[in-house]
Every structure is written in C-alpha cells, then in structure tokens.
1. Look through region 213-236, keep the residues that are within 16 Å of ligand 1 (Cβ to nearest atom) and either out of contact with any helix residue (DSSP H, G or I) (no Cβ under 7 Å at 6 or more places or on another chain) or in a strand (DSSP E or B) (or both), and return whichever of them is farthest from E151 (Cα to Cα).
2. From the residues in region 102-118 that are crowded, with 19+ Cβ neighbours inside 10 Å and of a type in the set (D, E, K, R), which one is nearest to Q141 (Cα to Cα)?
3. From the list V257, V305, pick out the single residue that is over 20 Å from S15 (Cβ atoms) and either touching a helix residue (DSSP H, G or I) at 6+ places or on another chain (Cβ under 9 Å) or without any contact (Cβ under 8 Å) to a residue 60 or more places away in the chain (or both).
4. So, of the residues in region 241-278 that are in contact with an Asp or Glu (Cβ under 9 Å, 6 or more places away or on another chain) and of a type in the set (S, T, N, Q), which turns out to be farthest from ligand 1 (Cβ to nearest atom)?
5. If T63 satisfies all but one of (1) in a loop (DSSP other than H, G, I, E, B); (2) within 16 Å of the chain's Cα centre (by Cα), what's the number of the condition it fails?
6. If a residue must be buried (at least 20 other Cβ atoms within 10 Å of the Cβ) and under 19 Å from the mean Cα position of the chain (by Cα), how many such residues does region 19-47 contain?
7. Hey, could you check region 260-292 for residues that are crowded, with 18+ Cβ neighbours inside 10 Å and of a type outside the set (A, V, I, L, M) and say which is nearest to ligand 2 (Cβ to nearest atom)?
8. Determine if region 65-87 includes at least one residue that is surrounded by fewer than 17 Cβ atoms within 10 Å (Cβ to Cβ) and among the acidic types (D, E).
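The values are calculated or read from the model by the stated rules, or taken from the named source; none is laboratory data. In this text the structure is predicted, and so the values were computed from the model without any measurement. Here Cβ is always computed from backbone atoms with ideal geometry, including for glycine, and neighbour counts include all displayed protein chains.
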Amino acid sequence: MMTLRISLNSKNVLSLMDLTTIEINHILKLASSFKTDLRTQKSPRQLPGSILGMLFEKPSTRTRISFETGMFQLGGKPIYLGINDLQLSRGESIEDTARTLSLYVDCIVARINHHDILEKLALFATIPVINGLSNSFHPCQILADLLTIYERKKKLEGLKLAWIGDGNNVCNDMLLGCSKVGINMSVACPKGYEPMGYVIELAKQEGRQTNAEIIITDDPKSAAKFADIIVTDTFISMGTDDEKHTREAAFLPKYQVNSNLMMLAKKECIFMHCLPATRGKEVTSDVIDGGASVVWDEAENRLHVQKALMYLLLKD
Ligand code: CP
Ligand code: NVA
C-alpha cells in the first residue's frame with residue numbers, strides 16, 4: 001500500500017472549502033490505492049482501535065453504510081448515533097453534545113440538516129468532524145464523484161461538467177470541487193433554484209487559478225452541449241417534501257435529463273447522480289440505467305474516498 005505523508009490543514013471537512021487542490025488530489029490517490037488493496041485482498045488495517053461516532057439526523061443508505069464499513073475495514077469501530085436516541089432530542093445543546101462525544105470517540109461524521117448547527121458541532125468538538133450531508137454541502141459525495149470522473153476520463157483538468165436541475169447541497173460542493181481541480185462547470189437551473197451566491201463567487205475565484213470556467217444559466221441545452229459529464233440530483237431534497245408540487249412545476253419537463261439532452265453532449269459523455277434517484281422525474285430510466293451511467297461507481301467510491309479521508313484525519 002502506498003503511504004502518503006501528508007496531513008490535512010483543516011481539522012474538519014464540512015465542505016470542500018476545507019480542502020486545497022493538493023489535498024483533494026492526495027485523497028483521490030489514496031482512495032484509489034485503498035480500492036486496489038481491497039480488490040487484491042490486501043487490506044491493511046490503517047486505523048486500529050479508532051472509534052467513529054456517526055451522528056445522523058436524516059436517513060441515509062450510502063453515507064451510513066460506507067462510513068460504517070470503511071471504519072471496520074480500517075480496523076476501527078463505528079458507533080451509529082441516531083439523533084432521536086441522544087439527549088440532543090430532549091434539548092441538550094449541540095455544544096455539550098460536541099464536548100461529550102469528543103471524550104469518547106476519535107472522529108464524528110454528522111448528517112445534520114442545518115449547516116450552521118454542524119459548524120457549531122465542529123467548533124465545540126475537539127476531534128475531527130466530517131460532513132455527511134447538510135442542507136448546504138455534501139463534500140464526501142463530490143470526492144467520490146471526482147474519483148469516478150478520473151477513473152473514467154483519466155484526467156480532470158479541462159473537462160466540461162453540466163449540472164442540470166436543482167442548485168442544491170450537492171451542486172454547491174460540486175462547484176467547489178470542479179473549480180479546485182480545473183473542471184469547467186455549467187449549472188442549468190430555474191430562476192430561484194441557483195446554488196448559493198457566495199459559493200458561486202468562491203468557485204469563480206478558484207476557477208481563475210485553475211482555468212475552470214463557471215457558468216450559471218437557466219438553459220439546460222447550452223449547459224449540456226459538448227459536455228463530458230452530465231449530473232443531476234433529486235428535485236426534492238430531504239427537508240423540501242412540502243415543496244414537491246412547486247418544485248416539480250419549476251423543474252419539469254425542461255430540466256429532466258433524458259436521451260435528447262444526453263445527445264447534445266459528447267459521444268463519450270457519462271451520466272452521474274449521487275442517488276437516491278427518482279426515475280421519470282430528474283432523470284429517465286433509459287439514461288440512469290443505460291450505458292453512460294456511472295452511478296454505481298459513484299456509490300462504490302464513497303467507501304474508498306471516505307476511508308482515505310478518515311485515514312488522513314486520524315493517522316497521527
Ligand atoms: N448519496 C448519498 O449521500 O446517499 P444516502 O443519502 O443514501 O447516504
Ligand atoms: N440533495 C439530496 C442528496 C441526497 C444524498 C438531499 O439533500 O436530499
């Protein structure tokens with residue numbers, strides 16, 4: 001197994017703002033090496049005895065299971081902490097929860113709805129905190145997506161990624177990730193569903209260093225034209241169920257990824273989705289279940305990038 005002698009600058013990974021381009025590239029290389037080790041049955045236990053606290057306020061399939069499995073594979077132990085089982089649900093403060101967890105576990109992965117509460121958790125914890133999705137960001141997903149893109153395209157710099165649909169939590173971190181590694185990104189979304197303004201500005205700033213062009217438009221066709229990668233996500237993120245009808249009216253049919261939209265992209269264009277997906281809404285079945293789709297690679301790569309991230313945060 002290749003040993004990388006780097007440490008992350010930040011104690012926490014709450015969004016890709018916390019990682020530099022060099023750190024992102026290190027995580028991808030280490031993840032790739034962990035992936036090879038696992039496939040060749042050489043899976044050294046890099047974090048024996050480490051304990052991961054998993055604080056979850058929302059449901060999860062991929063994030064929960066890949067973090068749990070990943071920590072087991074590294075030789076440590078995960079502890080799942082559903083928020084309703086903690087005194088937090090009866091009014092204990094997030095500050096005191098952070099202080100308490102820091103006494104018992106070595107690292108926290110938290111899926112907390114409000115990003116400002118997650119920031120408070122990280123501020124009062126004395127151990128690393130990883131964002132397992134908040135209403136604003138989903139950094140682990142984008143690390144897995146960048147690894148997937150690299151595996152398929154053998155490069156990152158200079159590619160064109162089109163994000164079609166909701167400028168949501170996943171899109172915010174995709175903007176940060178793409179701009180940091182030099183991928184041109186066009187976001188096509190209806191007015192009122194754009195990514196966060198300060199994230200767009202940060203991505204444009206990063207893009208000036210890496211030659212990544214960042215475009216926000218309401219035209220999915222121009223975004224998809226000559227794209228190497230087309231990405232979408234659900235129109236109804238967790239916490240927005242009561243907006244279902246308004247959202248579907250805003251997004252459909254114009255922002256659905258279907259074969260007509262895919263035809264505008266490059267011939268070898270890949271389709272990505274973080275999952276869970278709603279077939280027939282943000283993407284048609286023929287696209288997500290077709291030859292261009294790499295959604296299962298994305299899901300698998302969650303395991304490998306998160307193992308790399310935990311290793312780099314905890315190895316010392
Ligand atoms: N993509 C993702 O984070 O999936 P889960 O909600 O199942 O964790
Ligand atoms: N945007 C989605 C992603 C789910 C992994 C949500 O927040 O529900």
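1. Taking region 213-236 as the starting set, the residues that turn out to be within 16 Å of ligand 1 (Cβ to nearest atom) are 231-236.
Right, trim to either out of contact with any helix residue (DSSP H, G or I) (no Cβ under 7 Å at 6 or more places or on another chain) or in a strand (DSSP E or B) (or both) and you get 231-232, 234.
Working: V231: 16, T232: 19, T234: 24 Å.
Restricting to residues being within 16 Å of ligand 1 (Cβ to nearest atom) and either out of contact with any helix residue (DSSP H, G or I) (no Cβ under 7 Å at 6 or more places or on another chain) or in a strand (DSSP E or B) (or both), the top hit is T234.
2. Selected residue: R111.
3. Working: V305 fails: over 20 Å from S15 (Cβ atoms).
From the options V257, V305, the qualifying one is V257.
4. Residue satisfying both the conditions and the ranking: S259.
5. (1)
6. Residues of region 19-47 buried (at least 20 other Cβ atoms within 10 Å of the Cβ): 19, 23-24, 27-28, 30-31, 34, 46-47.
Then drop every residue that is not under 19 Å from the mean Cα position of the chain (by Cα), which leaves 19, 23-24, 27-28, 30-31, 34.
Qualifying residue count, region 19-47: 8.
7. Top of the filtered list is C274.
8. Within region 65-87, the first condition is being surrounded by fewer than 17 Cβ atoms within 10 Å (Cβ to Cβ), and the residues that meet it are 65, 69, 72, 75, 77, 79-80, 82-87.
Now restrict to residues that are among the acidic types (D, E): 85.
Yes, region 65-87 contains at least one residue that is surrounded by fewer than 17 Cβ atoms within 10 Å (Cβ to Cβ) and among the acidic types (D, E).
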